[in-house]
Amino acid sequence: MRLLVAESDPAVATFLQTSFDPERYTVDLSDDGTDAKYWVERRHYDLAILDLDIGRGQGRQVLQFVRAKRSQLPILVLSSQHRAEECAEVLDLGADDLLLKPFSFSELSTRVRALLRKVAPFAEKVLWLDDLELNRVEHLVKRAGRVIKLTPKEFGLLECLMRNAGRHVTRAQILKQVWKLPYDTLTNVVDVYVSYLRKKINGPLDRKLIHTVRGIGYEIHAVADRAGPQLVKSKE
């Protein structure tokens, strides 16, 4: 899942980006209102975290802009304003939740997950392929009902493959989407992690889901259903 964090304090922004990484979120940082509005218009986000003090007090204007442009986007506002009237105003302007500073990351993370669960139909909460299930909100992977423990990068790699189920995914695409690296980077990290993932997902089962496409990259598909739809998104 991709989050936009619009935070005026560089230290707080970096802390949030670092803290969200183990939870398998991709975080884009913005340190001013104009930049935040630019990215909201041009990139899909699953949730936005907005510092009310961003842009020299332009947080309310940014909040209204984001809500007008993305009516279904969950918005969590961070504020140092503790007056009840100001908190109520922020919610009236379109915020879905408000967290007062200072805050603990565990509370912020819990609220983010709660907001994502509420909008699950819009956020494509669960990806399915054959007997493989990936829950993007709970960061949970199951195959044939068995929970599979994945590292953050393994989870991101699997999500990348499942979003492109039935299609070839090149190493360049994987490097860009999962590791945010250019293809000319001298690394075999994709092949190494696909090997890790294949052992966990394919395992001893007869139906192998992750396949190598020689000279191109990788593909995930269920062999028995190769000619049919490969990806089903839940309606939960």
**Message:** Taking the conditions exactly as written (modelled with pLDDT under 95 and either in a strand (DSSP E or B) or surrounded by 14 or more Cβ atoms within 10 Å (Cβ to Cβ) (or both)), does residue 138 satisfy them or not?
**Reply:** no
**Asked** How about the stretch 141-184: which of its residues are of a type in the set (A, V, I, L, M, F, W, C) and either at positive phi or part of a strand (DSSP E or B) (or both)?
**Response** 141, 144, 147, 169
**Item:** Members of the stretch 46-69 found to be at pLDDT below 90 and either closer than 17 Å to residue 118 by Cα or assigned to a strand (DSSP E or B) (or both), listed by number
**Value:** 46
**Asked** So, in the stretch 7-32, of the ones that are in contact with a helix residue (DSSP H, G or I) (Cβ under 6 Å, 6 or more places away or on another chain), surrounded by 17 or more Cβ atoms within 10 Å (Cβ to Cβ) and over 15 Å from residue 46 (Cβ atoms), which residue ends up modelled with the lowest pLDDT?
**Response** 8
**Tabulated pairs, the stretch 200-219, first closer than 18 Å to residue 172 by Cβ, second surrounded by 14 or more Cβ atoms within 10 Å (Cβ to Cβ) and among the small types (Gly, Ala, Ser), C-beta under 9 angstrom, 6+ apart or interchain** = 217/172; 219/165; 219/166
**Prompt:** Of all the residues that make up the stretch 89-119, how many are out of contact with any Gly (no Cβ under 9 Å at 6 or more places or on another chain), aliphatic (A, V, I, L, M), free of Cβ contacts under 8 Å to residues at least 40 places away in the same chain and in a helix (DSSP H, G or I)?
**Reply:** 2
**Item:** Residues within the stretch 56-87 that are over 26 Å from residue 125 (Cα atoms) and open to solvent by less than 50 Å² (accessible area, probe 1.4 Å), tallied
**Value:** 5
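The values are calculated or read from the model by the stated rules, or taken from the named source; none is laboratory data. Just so it is clear, the structure is predicted and the values come from calculations on it, not from any experiment. Quick reminder, even Gly has a Cβ in these numbers, built from the backbone with ideal geometry, and neighbours come from all protein chains shown. With ligands, DNA and RNA removed, areas are computed over all heavy atoms of the protein, side chains included. Shrake-Rupley method; radii C 1.70, N 1.55, O 1.52, S 1.80 Å.
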